[in-house]
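The values are calculated or read from the model by the stated rules, or taken from the named source; none is laboratory data. None of these values were measured; they are calculated from a predicted model. Cβ placement follows ideal geometry from the backbone for every residue including glycine, while neighbour counts extend to all protein chains displayed. Heavy atoms of the whole protein, side chains included, go into the accessibility calculation; ligands, DNA and RNA do not. Shrake-Rupley method; radii C 1.70, N 1.55, O 1.52, S 1.80 Å.
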Amino acid sequence: MAATPPSSFHGAAITAMCLLLFFLVPTVTVSPVSGAETFNGSCIAAERGTLLSFKAGVTSDPSRLLKSWRGEDCCKWYGASCSSRTGHVVKLDLRNDFFVEDFDGLHDDQAVHWLRGQISSSLLSLCHLKHLDLSGNILGGNMSIPEFIGSLKSLTYLDLSNMNFSGRVPPQLGNLTKLAYLDINNDILDAYAFSSDVSWLASLHSLEYLDMSYVNLSVAVGWVHAVNKLPNLRGLYLINCGLNSSIPSLGHHNLTVLEELRLSHNPFNSPTAPNWYWDVTSLKVLDIEKCELSGPFPDELGNLTMFEALDMGWNSIEGMIPATLKNLCRLQAVYLAENNIGGDVTDLIERLPNCSWNSLQELILFETNITGTLKSVPNLTALSTLFLMKNHLSGSVPVEIGTLNYLAELHIGNNNFSGVISETHFSGLANLKSIDFSQTYLEVKVDSDWEPPFNLDRAFLSSCHLGPQIPNWLQWQKSISYLVMSDAGLIGKIPDWFWTTFSNAWLLDLSYNQISGELPLSLEFMSVEELFLQSNHLIGSIPQLPRSIKLLDISENSLSGHLPSNLGAPYLHVVVLFSNCITGIIPYSICQSPHLRILDLSNNLLTGGLPGCGKEELKQNNPSSSNSSRINSANSSSLGIRALLLRNNSLSGGFPLLLKQFQNLVFLDLSQNRFSRKLPTWISESMQRLLMLQLRSNNLSGHIPIEITCIFSLRILDLANNSFSGVMPRSLENLKALTTTVVALDTIDNPFQELYEYTSTASGQSNNDSLSLVIKGQVLEYGKNAIYLKSIDLSCNRLAGQIPEELGSLLGLINLNLSSNFLSGNIPYKIGNLQLLESLDLSNNLLFGEIPQGLSDLTSLSCLNLSYNNLSGRIPSGHQLDTLKTDDPTSMYIGNPGLCGHPLPKACPGDNPAQEDPARWHEDDSTQMDFHLGLTVGFLAGLWIIFCGLFFKKTWRYAYFSLCDKLYDKVHVFFVVTWKQWFRKPGTN
């Protein structure tokens, strides 16, 4: 007897279960009254048990969504709905609309909304279930979508998006032939779902909506043909699916009702045309942004007359938009950002369909390389969004822009606009919510008592002229979330109304102005998350911070007093306060800031040491939760600081024990302080991610612990100007980051990235930190470029012994400074292997022997100092060494009595004196000059004798010219005969 196939057995089991439920249902009288009256407020007992089994699979419900799941009537439970006719559960909707992608640094009120656990297979008992929505909950368990979902054959709606599913998408979903809606969008951090075969889609004939965005389909052959078998499809979303090839044509397509097609973020890497979607004339929305498309805009655009929204931004398309766009009379949105359109802005606007001027709402043309001036603004009566940033537009802004009554977003920054923006420009803009005039030459000039007709949400006004005082009209903008006025020519004090007006703002930026005066004593009443006041003339103390603050930068001012006691705000990520006059100690409150990543207090007057944060205190302030693993890792008993910059203060004590808990530390700068005693051996164990260790100019002593060479990621080691003694560690080859010439930036966790990204976009200013390094005898500001540098500086200590040969294995080293120690022995010959070395300083030591010839092969070397040692022998010459310090080359070798040869005046034994004696060189030069002078005089005298003989002796003249005539006749005859022979006609004699 043949075995029953598993699928048949499974189907039989489901059928039996449904029959059982049928017999369990009590007999009722069907009437047109409501379900509540028909079933007396209760649901089917077996289905209630099924829902309770599902609830048992939920391991975490922090927001208590399932609190109501008790009692007899499951039809009244949260998320469950029953049929008013039969009483069966037909809908289960537990959608989590609070889902966010990034788990890092979540507020507690964001992280508690999702359910966690597993999807129980008990759902199979809900045979009449038509609608299932579990999206946004972490019920996937980092596993694949359960195959049993494909057995819920009554489903018409299925949404399992953003549930942390990974692995293969089960083809059993193809059994859900009644589905009209399928969403398995996987846009969630660290989840990886894929499908190598999507042929199962062809059986979903009723499907109207399909979203498989962020599911890897890179090896799914024939995905277009599978989709083409869905005649009822209206919306198709395949965003960021790894689709890497385009299909020129389908021949015949069934997608006659497809209205919305979104294929953005797929690496098609092909021309814009031909492509199959240009034949789908029913399309209303097409999104193909960031698809690596090239070539010109296709003329086929004109065929899609139903178009309402076109998004082709962020590609490599070149040339002006086609004239066929005139046919798109229903056009409402055009997104063409970051393509190389070029040409004049007037020509571009004229190519927009005139018939759509009453419907066009969004025009996105930023960074499209367009030029020219906005002579006038067309009568785009419905326009709500106009983005023209980062182009080459110039001239003034036409006042007609004030007639666009529906305009909500006006972004024209990063252009060459000039002139005045007056009240007339804003006269009819009652709906204006966002403006961007940043990085232009515009001057906003209105009356001091002007009340604007709009209420802004965002204002980006950096580097345009607003001053001299903070504009009064801003006090009417109480709904602002983003306000950026950096480098806007502002002077004077910040008015009192500023802080109350913008108390609910999310970001405030007044940096790089000349603002003076004091800040309020407390900003705790505010809700601001990012506050930038750097590079002004502020005085007074730092105020008490808002509880909501995340990024704080008040660096390069004249602030004094102590640090605020609530420096450890619960959501604080970045604190940048360098170059002020802050006194006192670093408060204990930093132990209470679990999300703090950057703390920059350099160039202040701080004293004492770092506070001690015990593990018990850390656990109290970092309570563990049952959230994601990433949240758990952040809420451990260690602090999350990645950059600690305390340079140039008066901090003292031993090497801070607190650093033992900074296991994520990447940048550490304690230089120019008063730290003393030994460097601990636990430094490598506790700070394994350390990229930069700067301890120069302290009072540290003892041996350099060999454990320091076990920090494999270390790229910058600066222990200069301390009292370290003993020998240099010999296991330098363990510094793996210094042994390679490859800069693998993707492996570097740059803690400043968040700060850099903001300052390069919203503010338009460069990054703001105090990262500086001493290279080539100079203090250089490196900032974010410090990750490219590889340096060792052990100068000005008491190190003795030989320079380890292992130093030659640090092939990526750019700077090496071992000067002012007591190092002896020879310079290692392998130092010539360091081909990237730009600066080498071994001066003021006890080195002896010859200088290795390999130094002349260091083609990157631009700074060399070997002075004041006991080196001897000939100085190597040639290549790079002959180009160093051309103004004073001897300074590189001075103080070594045994050295000889160029550039020193001392000759080496056996050298040719004629080549080495400068006086003899001068004598040889004089002899050569005399020889050339005599040769010239003799030639002129002989020529003059011959000329005089011909002039005064007639017989000589006759003989000379007769000889010339005979020579001329012979040459003429020879030339004529040869010419005749070469060019005579064939067959002639």
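Structural remarks
- Residue within region 232-244 that is open to solvent by 30 Å² or more (accessible area, probe 1.4 Å), under 21 Å from Ala202 (Cβ atoms) and in a loop (DSSP other than H, G, I, E, B) present: yes
- All positions within region 287-306 that are farther than 18 Å from Gly242 by Cα and either crowded, with 16+ Cβ neighbours inside 10 Å or of a type outside the set (Asp, Glu) (or both): Gly295, Pro296, Phe297, Pro298, Glu300, Leu301, Gly302, Asn303, Leu304, Thr305, Met306
- The residue of region 203-230 that is farthest from the chain's Cα centre (by Cα), among those that are β-branched (Val, Ile, Thr) and outside any loop (DSSP other than H, G, I, E, B), is Val227.
- Here Gly467 does not fit the description of being at positive phi and surrounded by fewer than 18 Cβ atoms within 10 Å (Cβ to Cβ).
- Positions within region 562-586 being over 31 Å from the mean Cα position of the chain (by Cα) and open to solvent by 20 Å² or more (accessible area, probe 1.4 Å), in sequence order: His562, Ser565, Cys581, Thr583, Ile585
- Breaking point among (1) open to solvent by less than 40 Å² (accessible area, probe 1.4 Å); (2) closer than 24 Å to Asn275 by Cβ, for Ser196: (1)
- Hits in region 409-432 - residues which are open to solvent by 60 Å² or more (accessible area, probe 1.4 Å) and touching a helix residue (DSSP H, G or I) at 6+ places or on another chain (Cβ under 8 Å): Thr424, Ser427
- For Ser819: the one exception among (1) under 25 Å from Arg689 (Cβ atoms); (2) in contact with a strand residue (DSSP E or B) (Cβ under 7 Å, 6 or more places away or on another chain); (3) open to solvent by less than 20 Å² (accessible area, probe 1.4 Å); (4) not charged (D, E, K, R): (1)
- The number of residues in region 122-137 being hydrophobic (A, V, I, L, M, F, W, C), assigned to a loop (DSSP other than H, G, I, E, B) and farther than 15 Å from Ala80 by Cα comes to 0.
- Pairs where the first residue, in region 807-823, is farther than 13 Å from Leu735 by Cβ and the second is open to solvent by less than 10 Å² (accessible area, probe 1.4 Å) and among the basic types (Lys, Arg), C-beta under 8 Å, 6+ apart: Ile814/Lys790; Asn815/Lys790
- From the list Glu208, Glu260, the lone residue that is open to solvent by less than 50 Å² (accessible area, probe 1.4 Å), in contact with a Leu (Cβ under 8 Å, 6 or more places away or on another chain) and over 30 Å from Gly117 (Cβ atoms) is Glu260.
- The set of residues from region 889-903 being within 51 Å of the chain's Cα centre (by Cα) and more than 18 Å from Asn844 (Cα to Cα) comprises His902, Pro903.
- Only one of Val221, Val169 that is open to solvent by less than 30 Å² (accessible area, probe 1.4 Å) and farther than 24 Å from Ser60 by Cβ: Val169
- Residues in region 341-364 that are in a loop (DSSP other than H, G, I, E, B) and within 12 Å of Met320 (Cβ to Cβ): Ile341, Gly342, Gly343, Leu352.
- Annotation: of all residues in region 284-301 being more than 9 Å from Ala273 (Cβ to Cβ) and of a type outside the set (A, V, I, L, M, F, W, C), the one that is nearest to the chain's Cα centre (by Cα) is Lys290.
- Residues that are crowded, with 22+ Cβ neighbours inside 10 Å and either of a type in the set (Ser, Thr, Tyr) or free of Cβ contacts under 8 Å to residues at least 24 places away in the same chain (or both), drawn from region 136-166: Ser161
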